[in-house]
Each structure stands twice: as structure tokens, then as C-alpha cells.
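One structure is given below, encoded as C-alpha cells.
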Amino acid sequence: MLNRLLAQQDDNVLHKPYSQLEAAALYRELKLLMGEDAARRRAAEGFTPTYQPRWNGGADSAPPLNETQPDGSNGGVDSTPPLGGFSGKARVQAAEAVTGTASYTRLEQIGRLQDIAADEDQPESVREVVAVELAQIEAGDPVDPAFQRVQAAIRFAADEKALIEAAELRRLAAEALERAKTAKRRRSPSKTDRGKPKSPTMHSLRSFRLTWRDLDGWTEHYDPAEIAEGLGDEEWESWERVVAETVAFAEAVRASRAAVDSEAMSA
């Protein structure tokens, strides 16, 4: 299979050059086949990453140029023995076979873009960007700028959820500030406010959940004696009022929940 693919590649070189996507597809197939070929050779001849008897076995046995590592081994686990005049690891060999140079970065980038385009777990917006970039690459545009644009789109999509949550937190902070202003006006109403009915701002169930999630276990972080000694009269009155309102609200919620449970049982 590998020899047939290499022969086909040689024949194609004599006709017209590959497009960038065609070159990347051939590179990927060659790299896979070369890796499989290396694995078969190691299995058949007793090769290991550190011991390769064909190269280390005797005085007349010499490693190919650029293959021997400083530790005396013949390369990593993905190294392949010399094949058809190409040297180096599988991706270097495949790149040389397809493009005539050892540079594989552009081909790897195209393969990564194709993987992203086929990945259904990626956001649709990202896959749409990739489809456009691949079409432009096929038309002859450079690969690396397209790859960098896609990486930026992926980062943006990953940050989108955080941005939405940040906006929600800002909204909740604004609500908290408004509640503080309302409480202050309640304690010290201005002359124009006196006698005017107040309509409290209603907040969402999500706001309630976030508020109480943050309050869970809050009593463990304060010293009752320090609070009792440190609060001024106005602060103490505010504390008592909030506690009383909280208790009353809790009773109302319990009564409503009991009524809902009763209706559910009778249904």
C-alpha cells in the first residue's frame, strides 16, 4: 500500500502540482502508512526505541545520517528506518515525499483545520469559520494566517460563556447596589420621598439562587462577639430588620411550598 501510494505520488508530480488541501491529504495518508510500516519493521526485526540490531549489530552496520541520537539510540518510537531515500521521522519523510522539503508545519495546520471542521463538539460558529478558511486555502491563500484566525475564533468561543457570566454578575452587582440605595432611602427618606408609596424591585429566581448559594455557610466566617461589639446602633437596627424580614420571608416560602406539595399529592 505504501509503495503504491509513493508510486502514485511520483506519477502525479510529473503532471500538475497538488493543491494545498490535496497535498495535506496525501501527507496525512503517507505519514500514517509510514508509521505503520515502521511498526511492522520493528515487530518483524526486533526493533525497540533503544535497540535496533540492523543498525547497532556490528562494525559493518552504521546508522543512516541524521538518525543516531546522543544516547546512541536511533530515534523516538515514531522513527522509521530509511525508506525510498527519505530520512527522519514519519512526518518529515511524508512532507519530503509530498513537497520535496522537510517542512511539515503547513500540512499539519491544514490537517488540524480539517479535524476541527469535522468535530461536531466544536461550536457551529467555529466550524463555519473553518469552512471559509479551508475554501480560501484551497483557492491559494496562505495557511498560517488562516490557522491563527481559527485559533482566535476557538479562544473567543471558549471565552463567550465566561463573558455571558461576567455580564450576569455585573447585572447582579447593579441590583445589589440598587437594593443598598433603596435600603438607605428607607432609613433616611428625603422630604420629596416622604408619603410616596415605594414599589420594591422584583428580582429573578436566578438572582435568588446565586445570592443564597453565596450565603451558604456564611456564619462560619464571622465572630458573633466581634459583630455584637462592633456594630453601631443604626447598623444593629438594620441587622435586626434584615433578620426579621428573612425569617418572615422563609415562613412565606415554606407555606407556599407546603401548598404546592399538597396540590401535587391530591392531583
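A count restricted to region 102-145 and to residues that are assigned to a helix (DSSP H, G or I) and within 18 Å of the chain's Cα centre (by Cα) stands at 15. Remark: pairs (first residue in region 107-118, on the phi < 0 side of the Ramachandran plot; second residue buried (at least 16 other Cβ atoms within 10 Å of the Cβ) and not in a helix (DSSP H, G or I); Cβ separation under 8 Å; 6+ apart in sequence or on different chains) = ILE116/GLN122.
Let's see how each residue does on (1) closer than 21 Å to ALA173 by Cα; (2) within 47 Å of the chain's Cα centre (by Cα); (3) modelled with pLDDT under 90; (4) polar (S, T, N, Q):
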| site | (1), (2), (3), (4) |
| --- | --- |
| PRO189 | no, no, yes, no |
| LYS196 | no, no, yes, no |
| SER199 | yes, yes, yes, yes |
| TRP218 | yes, yes, yes, no |
| TYR222 | no, yes, yes, no |
| TRP239 | yes, yes, yes, no |
| ALA255 | no, yes, yes, no |
| ASP261 | no, yes, yes, no |
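The values are calculated or read from the model by the stated rules, or taken from the named source; none is laboratory data. None of the values given here were measured: they were computed from a predicted structure. Glycine also receives a Cβ, built like all others from the backbone with ideal geometry; neighbour counts cover every protein chain displayed.
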